[in-house]
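Just so it is clear, none of the values below were taken in a lab; they were calculated from the coordinates. Computed from a predicted model, the values in this text were never measured in an experiment. Cβ coordinates were reconstructed from backbone atoms using ideal geometry, including for glycine residues, and neighbour counts include every protein chain displayed.
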Amino acid sequence: MPRTAILAAGYRPGARTGVFAGGWGFAAEAFQPQAIAAPPDRLEILARRVLAGRLEIRSLTHAVIALTTLGDRPAGEYLQDMLWNAFQVPVFEQIRGPRRECVAWECEAHAGLHLRHRHYVQNGSLLLECAGEWLPAGIEAQVDTERCPCGHSAPRLVVPAGQRKALLPDAMLLT
């Protein structure tokens with residue numbers, strides 16, 4: 001398991017996981033993470049700094065993980081492409097519930113997000129069970145029940161390709 005820096009509050013550190021709620025700084029750099037996990041807006045700021053030549057994260061060798069909160073829109077291809085260009089490591093997304101629990105996760109096949117909990121569609125809206133509550137996913141997506149190309153049999157949350165491309169930021173974040 002790679003050494004992972006989580007740049008967000010509310011997570012527990014572990015043997016190979018450091019939590020840096022204040023974002024990227026001296027402590028996170030000294031941790032020398034091989035992977036970084038953070039909310040999409042924080043990752044965008046880091047990527048812009050790297051692309052502008054104002055930051056280099058030499059220890060990053062494994063992955064960048066966008067931690068999207070349930071109800072927020074997914075990172076989209078625009079941000080995923082930016083993250084790839086900045087960091088040159090695979091980019092994954094996870095949807096996290098109100099208690100930071102993983103509700104859905106993206107695998108190496110990048111064919112949707114595997115759902116960890118029960119789900120159903122009501123009036124065209126996807127609802128996910130999270131800690132005993134039914135919460136809206138907050139995005140228009142389809143659920144694919146076919147086995148994923150990675151071999152996992154969990155249903156997948158699939159955002160149609162046209163929608164993923166359309167998910168551009170509302171405003172550009174300045175660093």
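Once the Cβ-Cβ distance between Cys150 and Glu77 is put in as r, and R0 is 22 Å, what FRET efficiency do you end up with, to the nearest 0.05?
For Cys150 and Glu77, the calculated efficiency is 0.65.
Based on the mean of other Cβ atoms within 10 Å per residue, sort peptides 104-115, 141-152 so the most packed one is first.
104-115, 141-152
Could you pull out the trypsin sites (Lys or Arg not before Pro) across the stretch 88-118 that fall in loop regions by DSSP (anything but H, G, I, E, B) with no more than 13 other Cβ atoms inside 10 Å?
Arg99, Arg118
Counting only residues 5 or more places away or on other chains, whose amide H sits under 5 Å from the amide H of Glu93 once H atoms are built in the peptide plane?
Those lying under 5 Å, H to H, from Glu93 are Ala66, Glu106.
Using +1 on the beta carbon of Lys and Arg, -1 on that of Asp and Glu, and nothing else charged, what's the dipole of the chain about the Cα centre, debye to 20?
460 debye
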